[in-house]
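Peer 1: Would you mind keeping the following structure in view while I ask a few things?
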Amino acid sequence: MAASKKVTNFLDNKGVKYEMISHRKVFTAFDKAKTMKIPENSVGKTLVVKFNSKAGIALIPSSKNLDKDKLKKLINFWLEKKKEKKAGKIDFAKEAWIKKNLKGAKVGAVPPIGSLWKLPTFLDKSLLDNSKIIFSAGDYSWSVKMTPAAFKKALQGQDLLIEGSFSKKK
């Protein structure tokens, strides 16, 4: 299967430069980095998180783990700006929820473009240190390669891109 049309259409409509990369089928960002022989910190790991009755997409380097406490602080900062109730527990979305609600993306290959589903995207600032970032394109054999600036430009404008520091060393 080719990369998600939803992803390519979105990026094309935003007028940003990107490259679609075909690679061996992989199921983790870590394996993607090894397969492509690139540094782990330049490969984004997409995490689908749930808070209150909402969901969001978090993007961190594959070389790190999620710090739920730091993400919760960032989510609460964002919710407070929107005058919404603070988040209680932060947890990972279940596979069944992802299959049902994130059409056009395979579980484990969700692109970090929350606005495709009207969800916020939480971007870990450490990814911005790379000249290029690579992330899933909705399929296990396709990825997107683009500059952090192009990624930010594509996601700006809907108050759905929230930057912060919420990853920790493995």
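The values are calculated or read from the model by the stated rules, or taken from the named source; none is laboratory data. Because the structure is predicted, anything quoted here is derived from the model rather than measured. Because the Cβ atoms are built from the backbone with ideal geometry, glycine has one as well, and the counts that use them run over all protein chains shown.
Peer 1: For the range 9-35, which residues satisfy the criterion of being in a helix (DSSP H, G or I) and either touching a residue at least 12 places away in the same chain (Cβ under 8 Å) or closer than 19 Å to residue 132 by Cα (or both)?
Peer 2: 10, 11, 12, 14, 29, 30, 31, 32, 33, 34, 35
Peer 1: Please enumerate the residues belonging to the range 13-23 that are closer than 17 Å to residue 105 by Cβ and either crowded, with 17+ Cβ neighbours inside 10 Å or charged (D, E, K, R) (or both).
Peer 2: Within the range 13-23, 18 is the sole residue that qualifies.
Peer 1: Quick check on this structure: which one of 123, 119, 128 is surrounded by 23 or more Cβ atoms within 10 Å (Cβ to Cβ) and touching a residue at least 12 places away in the same chain (Cβ under 8 Å)? Let's see the steps before the verdict.
Peer 2: Values: 119 fails: surrounded by 23 or more Cβ atoms within 10 Å (Cβ to Cβ); 128 fails: surrounded by 23 or more Cβ atoms within 10 Å (Cβ to Cβ).
Every option except 123 fails the conditions.
Peer 1: Taking the range 133-163, which residues are more than 14 Å from residue 44 (Cβ to Cβ), touching a Pro at 6+ places or on another chain (Cβ under 7 Å) and part of a strand (DSSP E or B)?
Peer 2: 162
Peer 1: Quick check on residue 3: is it at pLDDT 95 or above and either part of a loop (DSSP other than H, G, I, E, B) or surrounded by fewer than 17 Cβ atoms within 10 Å (Cβ to Cβ) (or both)?
Peer 2: no
Peer 1: Taking the criterion of being surrounded by fewer than 19 Cβ atoms within 10 Å (Cβ to Cβ), within 14 Å of residue 143 (Cα to Cα) and in contact with a helix residue (DSSP H, G or I) (Cβ under 8 Å, 6 or more places away or on another chain), would at least one residue in the range 24-33 satisfy it?
Peer 2: Yes, because at least one residue in the range 24-33 is surrounded by fewer than 19 Cβ atoms within 10 Å (Cβ to Cβ), within 14 Å of residue 143 (Cα to Cα) and in contact with a helix residue (DSSP H, G or I) (Cβ under 8 Å, 6 or more places away or on another chain).
Peer 1: Right, another one. Could you grab the pairs with beta carbons closer than 8 Å, sequence gap of 6+ or different chains, first residue in the range 54-77 and closer than 13 Å to residue 89 by Cβ and surrounded by fewer than 18 Cβ atoms within 10 Å (Cβ to Cβ), second one of a type in the set (Lys, Arg) and modelled with pLDDT under 95?
Peer 2: Short answer, once both residue conditions are applied: 76/86.
Peer 1: Given the conditions (1) more than 13 Å from the chain's Cα centre (by Cα); (2) of a type in the set (Gly, Ala, Ser); (3) closer than 17 Å to residue 55 by Cα, report the number of the one that residue 105 does not fulfil.
Peer 2: Here residue 105 clears every test but (1).
Peer 1: Please go through the range 87-132 and give me each residue that is of a type in the set (A, V, I, L, M), more than 20 Å from residue 67 (Cα to Cα) and part of a helix (DSSP H, G or I), ordered by number.
Peer 2: 96, 98, 116
Peer 1: Next up: Mind checking which residues of the range 42-97 are polar (S, T, N, Q) and closer than 17 Å to residue 32 by Cβ?
Peer 2: Once the filter is applied, which keeps residues that are polar (S, T, N, Q) and closer than 17 Å to residue 32 by Cβ, the range 42-97 yields 42, 46, 62, 63, 65.
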